[in-house]
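Novice: Before I ask anything, let me first share the structure, which is written out below as structure tokens.
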Amino acid sequence: KQWYQRRVRGKVACGSQHVAVLTSEGELLTWGLGYDGRLGHGSRDSLSSPLKVSDLPDDLTIRDIFAGPDCTALLATDHSVWCTGHNFSNKLLLTPGGDDVTTVTATVGECLSFQRSTVWGRVEKVALAYTHTVFLRDGSAWSCGSNDHNQLGHTTGNRLTRMPAQETVVDVAVTLQSTLLLLSPSQTVVQYGMGREGAQTVCQKSEENVPARVFGADDQYAVLTHNLTS
């Protein structure tokens, strides 16, 4: 308790079995299950106590951190995204040999330490699931990875592609098989993909590239804030 009170005044992100913390001094600490390299320490070892990630570039300033079930991402002040962990279906956009995602021919299966993702633009948020990722960027949502349940909103798979939306996207969230977008100014939440175990019991699996409306400002459960949780 004393350690947390003294050091952690930044941000905390939790995966299914690991934790990442950004301290007020700008240090990144991770611990928990180390499978797939999700802790970013250059190995698959698990840790029972926080350890500083030491191999980040010296000039990298971390703005925000995000944790998925089997991976971790950080957002730098220059809006670059750095990822570590499992890269199923290239969901982290960790492509060897350049940053042109339109020419992807190979992908990295897993990373044991943080590597720069090939996503571009002013990224504001990263939502990480087991098989897909959604980036909030410039008022729109961009997705990549597996599309087994239409959760990407497009059919280009491991290539980063903009998700169709009729309005500005102000927040994104993901579940195992779906993606949710919060739209403005209508305050409507739409879903791509399919819920599981009651996650989205109000709608069925969305049709290919067509989102299912979950609720909006005129419904009983209106969205009053921009806080969505996966």
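The values are calculated or read from the model by the stated rules, or taken from the named source; none is laboratory data. Only a predicted model underlies this, so the values are computations on that prediction, with no experimental measurement involved. Cβ coordinates were reconstructed from backbone atoms using ideal geometry, including for glycine residues, and neighbour counts include every protein chain displayed. Just so you know, the surface numbers come from the protein's heavy atoms only, side chains and all, with ligands and any DNA or RNA stripped out. Shrake-Rupley method; radii C 1.70, N 1.55, O 1.52, S 1.80 Å.
Novice: Accessible area of TRP142, 1.4 Å probe, to the nearest 10 Å²?
Specialist: It works out to around 40 Å².
Novice: Further, regarding this structure: Could you check the spin-label model distance between ASP58 and ASP148? Points 7 Å from the Cα along Cα→Cβ, value in nm.
Specialist: 4.5
Novice: Next question, about the same structure. Please list, in chain and number order, the residues 5+ apart from HIS132 or on another chain whose amide H is under 5 Å from its amide H, with Hs placed from the backbone.
Specialist: Under 5 Å from the amide H of HIS132 lie the amide H atoms of SER146, each far enough along the sequence or on another chain.
Novice: Taking amide hydrogens as modeled 1.01 Å from N in the peptide plane, which residues meet the under 5 Å criterion relative to GLY15, leaving out close sequence neighbours?
Specialist: Sorted by chain and number, the residues that satisfy this are ALA20.
Novice: Could you sort TYR35, TYR192 by their accessible area in this structure, using a 1.4 Å probe and putting the largest first? Don't jump to the answer; show the numbers that get you there.
Specialist: Values: TYR35 135, TYR192 0 Å².
Ranked from most to least accessible, the order is TYR35, TYR192.
Novice: By the gyration tensor of its Cα atoms, with a ≥ b ≥ c the square roots of the eigenvalues, what is the shape of the range 103-168: rounded for a/c under 1.5, prolate for a/b over b/c, or oblate? All intermediate terms of the calculation are to be shown ahead of the outcome.
Specialist: Values: a/c = 1.80, a/b = 1.30, b/c = 1.39.
Because a/c hits 1.5 or more and a/b fails to exceed b/c, the range 103-168 counts as oblate.
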